[in-house]
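Contents: one structure, followed by commentary.
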Amino acid sequence: MKIAFLGPAPPFLGGISQFASHLADEFCAAGHEICFFNFKQQYPALLFPAGAQEDESQPKHLSQRVLTPYLPQTWNKTVKAIKAWQPDLIIISWWVPFFAPAFGYIIRRIKNCRKLILAHNIVPHEPWPLTRNLLRYAFEPADDILLLSKACLKDLKAWLPNKVVRKAILGFHPIYSVSQGEISKTNILPRLLFFGLIKDYKGLDTLLEAMPIIRQAIPEIRLQIAGSVYGDKGIYTKQIEDLGLSDIIETDFRYISAEEVSGYFRAAEVCILPYKSATQSGVTATAYSYDTPVIASNVGGLSEYIEDGVTGLLVPPNDPEALAAAVIRFYDDKLLSPMQEAIRNYKKTCTWTDLAKLILKR
């Protein structure tokens, strides 16, 4: 089968690109032919204040960089390129309404091909004008919509008509594979990790508010923050200074390359996701790949991937005291080892092979 992907792939940074690349690897291993119809440019710089959008990595699969979604003159070129390759299935990566005009236009002009939207979110985390109209324009011409959490399915039902909802396929976010040598912990002191692109809804401010309480109970605690900031990192550096936490918090406000990820997770005992809203999170999948438990807010689809008290702990959002209590409980009750064992068992149920089969059996 010839399977095309529309959306970001390497060298574009971020979880959406990484997800598509891993899924393509799985299809390729099963003997399918893969081609990415990739972006030339993803966002105008004004809409992406986190800095660089690309790195030096090279795509592992055939990739045609044809689409700049905010330049309509590239839309027909993309349609022609896809038609010329003649895919049997095209998978469209979706996560924000910004791409709706381009994707809706392209999907409507692709015939004789199954069109599947892979929806990482339905409703954007930040307010977006005309969200409902943009969702309908992009989703109505698709044949199927793959969702990665029940929270996304709930949003789909709330925002789109039944004729679109009937196209839904409930999937999951698979766990990334790493070698056993990358999993062993290297930390000397108790260490928490906050990882990934930092936006307001990720709740880093809540974690920082919790740190003085955690420090009082666990004086040797350390926190590593790793990820580029979408906006002004000075907000967080000032909060750290105002709370007197500079001596126990290390900040690495930049994009963390794939080669560097293991070092951060091996040095941490638990990953903290104090999100204020969420559907699901690729950070959870990354943490589990390194047998790292997760303490997260009980919002959106996060609770679907975290079994409270088994693979991690769930807390109310925007509640520094509850978050601190969960971290203290994690160390007081010595939960690392039993949670790691539970995560190893969980990983067997969320594989890329299973997701690829789910997509193809429809």
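Each reported figure results from applying straightforward, stated rules to the coordinates on display, with no laboratory input. Given the structure is predicted, the values throughout are model-derived calculations rather than measurements. When we count neighbours, we look across all protein chains shown, and the Cβ atoms used for this are built from the backbone with ideal geometry, even at glycine.
List of remarks:
- Size of charge dipole - region 180-347 - debye, nearest 20, with Cβ of Lys, Arg +1 and Asp, Glu -1, no other charges: 220
- Max mean-square fluctuation residue, GNM over the chain, Cα-Cα springs under 10 Å, options 261, 178, 66: 178
- Alpha-carbon centroid distance for the pair region 86-106 / region 227-268, whole angstrom: 33
- Fraction of C-alpha pairs exceeding 21 angstrom in region 2-171: 45 percent, rounded to a whole number.
- Hits among lysines - C-alpha to C-alpha of residue 111 under 18 Å, sequence gap 8 or more where chains match: 2, 77, 80, 83, 167
- Gain on full stretching of the segment that runs from residue 41 to residue 361 - 0.36 nm per residue minus C-alpha separation: 111.9 nm
- For region 191-341, lysine pairs separated by 8 or more sequence positions, or belonging to different chains, with Cα-Cα distances below 24 Å total 8.
- Residue 255 long-range amide H proximity, modeled H, under 5 Å: 228
- Reference-scaled alpha-carbon Rg (2.2 N^0.38 Å with N residues) for region 236-348: 1.08
- Note that region 282-297 has calculated 3J(HN,Hα) couplings of x, 5, 4, 4, 5, 4, 4, 4, 9, 6, 9, x, 10, 10, 9, 5 Hz, one per residue in order, obtained from phi through the Karplus relation 6.51 cos²θ - 1.76 cosθ + 1.60 (θ = phi - 60°); glycine and proline are x.
- Taking amide H as placed 1.01 Å from N in the peptide plane, the amide H of residue 222 sits under 5 Å from that of 191, 192, each at least 5 places away or on another chain.
- Computed from backbone phi with θ = phi - 60° and the Karplus coefficients 6.51, -1.76 and 1.60, the 3J(HN,Hα) list for region 231-245 is x, 9, 5, x, 4, 7, 5, 5, 4, 4, 5, 5, 8, x, 10 Hz; x is used for glycine and proline.
- Against the rule of thumb 2.2 N^0.38 Å, how large the Cα Rg of the chain comes out: 1.00
- Stretched out straight at 0.36 nm per residue, the stretch from residue 182 to residue 310 would grow longer than its current Cα-Cα span by 43.9 nm.
- Cα-based helix-to-principal-axis angle, 15-29 vs the chain, degrees rounded to 10: 60
- Separation of the residue 201 and residue 318 label points, Cα + 7 Å toward Cβ, nm: 1.4
- Remark: the chain carries a charge dipole of roughly 2120 debye about the Cα centre, counting +1 on each Lys and Arg Cβ and -1 on each Asp and Glu Cβ.
- Over the chain: helical MRE at 222 nm, DSSP H runs n ≥ 4 each giving -39500 (n - 2.57), nearest 500: -11000 deg cm²/dmol
- Principal-axis analysis of the Cα atoms of the chain puts helix 336-347 at an angle of about 10° to the longest axis.
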